[in-house]
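Participant: For reference, the structure I am asking about is given below.
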Amino acid sequence: MIPVKIKLSPGASVPGYQSDGAAGADMCALVDTPVTIEPGRFALIPTGIWIDMPFGYEAQIRPRSGLSLKHGIMLLNSPGTIDSDYRGEIKIIMANFGTEPFTVERGMRIAQMVFAKVYRASFLQTEEMETTERNEGGFGHSGI
């Protein structure tokens, strides 16, 4: 476990793990009034959560599978990255790819937050790349 400080707006919920083996902690909406997202549209939903995590980690914001399967709800910019030096409120960009309007209500579990170690790269400019079996094979090059 890593220590993560959390600040909450009044009425906000501490993210919660729904089982002992859950990788993601569910995050809840903190909307003043219900927000309806029409099919093909998106909305920025506040959570009322600010976090302070150790340097060298990130928080990844991911969709909830049940909302995706049952309602076609996805998160844009997914997974979203919360950097260790970000101190603003975490807000969720929800998109409706379903066929029916979807209403977000206060307290609804809308996303999950997963913490991961960050490894920074040391970029070394070169004119030649190592050859591999795949080499420059792109999208779908290996078939179905």
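Participant: From F97, F102, F123, which residue is farther than 18 Å from S9 by Cα and touching a His at 6+ places or on another chain (Cβ under 6 Å)?
Facilitator: Going through F97, F102, F123 in turn, just one is farther than 18 Å from S9 by Cα and touching a His at 6+ places or on another chain (Cβ under 6 Å): F102.
Participant: Now a separate question. Only one residue in K91, K7, K70 is in a helix (DSSP H, G or I) and either surrounded by fewer than 17 Cβ atoms within 10 Å (Cβ to Cβ) or out of contact with any helix residue (DSSP H, G or I) (no Cβ under 9 Å at 6 or more places or on another chain) (or both), so which one is that?
Facilitator: After applying the criteria, what remains is K70.
Participant: Here's something else I'd like to know. Got a sec? Which of E100, E105, E133 is free of Cβ contacts under 8 Å to residues at least 12 places away in the same chain and not polar (S, T, N, Q)?
Facilitator: E133
Conditions (1) within 17 Å of G107 (Cβ to Cβ); (2) without any contact (Cβ under 8 Å) to a residue 12 or more places away in the chain; (3) part of a strand (DSSP E or B); (4) not charged (D, E, K, R), marked per residue:
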residue: P3; (1), (2), (3), (4): no, no, no, yes
residue: D32; (1), (2), (3), (4): yes, no, no, no
residue: G48; (1), (2), (3), (4): yes, no, yes, yes
residue: G66; (1), (2), (3), (4): yes, yes, no, yes
residue: M74; (1), (2), (3), (4): no, no, yes, yes
residue: N77; (1), (2), (3), (4): no, no, no, yes
residue: S84; (1), (2), (3), (4): no, no, no, yes
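Participant: A further question follows. Starting from residues that are of a type in the set (V, I, T) and under 19 Å from M1 (Cα atoms), keep the ones in region 37-66 and report whichever is surrounded by the fewest Cβ atoms within 10 Å (Cβ to Cβ).
Facilitator: Narrowing region 37-66 to residues of a type in the set (V, I, T): 37, 45, 47, 49, 51, 61.
Cutting the leftovers down to under 19 Å from M1 (Cα atoms) gives us 51, 61.
On the way: I51: 19, I61: 24.
So, considering only residues that are of a type in the set (V, I, T) and under 19 Å from M1 (Cα atoms), the one surrounded by the fewest Cβ atoms within 10 Å (Cβ to Cβ) is I51.
Every number here is computed from the coordinates shown, using simple stated rules; none is lab data. No experiment lies behind these values; they were computed from the predicted model shown. Please note: Cβ atoms are built from the backbone with ideal geometry, for glycine as well, and neighbour counts cover all protein chains shown.
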